[in-house]
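Report on one structure; see the data block that follows.
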Amino acid sequence: DEAVADFTAVLARKPGDFEATVRRGLVYTSARNFPKAEEDFNRAISLHPSEPNLYFNRANVRAGMKRWDDAIADYSSVLRLAPADRDALYARGVAAYLKGDATSACEDLNRASALGSAQADTAIAEICAK
């Protein structure tokens, strides 16, 4: 609560402060206040639309709300900006699996594995080897 209050105070003085917006979004995410986190990441993306980490953070928030299509779209945005991001591939694969699309999930997990993701290796054994 104190961190949110501090970042909110900064934003009251400097409404477009990018760092305060992102950091408050991360605090909201940690507190599982996903709607507020999504608002902050939306604002941050409007300030820096070519920053892949912003889409990744918003995707994680949307996945936390079980909005799989929105999360997958954001992970895809990360991959457009950073095609070899194994964390985004892994996360998009998991989101696809949770949405019920095992084929897409396994494609992403295999790509993440090829890029060295140990998490993807574990998920492949559990999801794709069936």
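Observations on the structure shown:
- Accessible area per residue, Å², the stretch 41-130 with all protein chains present, probe 1.4 Å: 51
- Relative counts (whole %) of C-alpha pair distances in the chain, using bins that are 10 Å wide: 14, 39, 29, 14, 4, 0
- When the chain is treated as a GNM with alpha-carbon contacts under 10 Å, the residue of Thr21, Thr29, Thr103 showing the greatest mean-square fluctuation is Thr103.
- Among 10-16, 93-99, the order from most to least packed when residues are scored by Cβ within 10 Å on average: 93-99, 10-16
- Accessible area of the chain belonging to carbon and sulfur atoms, whole % at 1.4 Å probe: 51
- Fully extending the segment from Asp101 to Lys36 would add 20.5 nm, taking 0.36 nm per residue of separation and subtracting the current Cα-Cα distance.
- In this calculation the C-beta distance from Asp121 to Ser76 is compared with R0 = 30 Å, giving a FRET efficiency of 0.85.
The values are calculated or read from the model by the stated rules, or taken from the named source; none is laboratory data. Quantities reported herein were computed from a predicted structural model and do not represent experimental measurements. Because the Cβ atoms are built from the backbone with ideal geometry, glycine has one as well, and the counts that use them run over all protein chains shown. Side chains included, ligands, DNA and RNA excluded: accessible areas come from the protein's heavy atoms. Shrake-Rupley method; radii C 1.70, N 1.55, O 1.52, S 1.80 Å.
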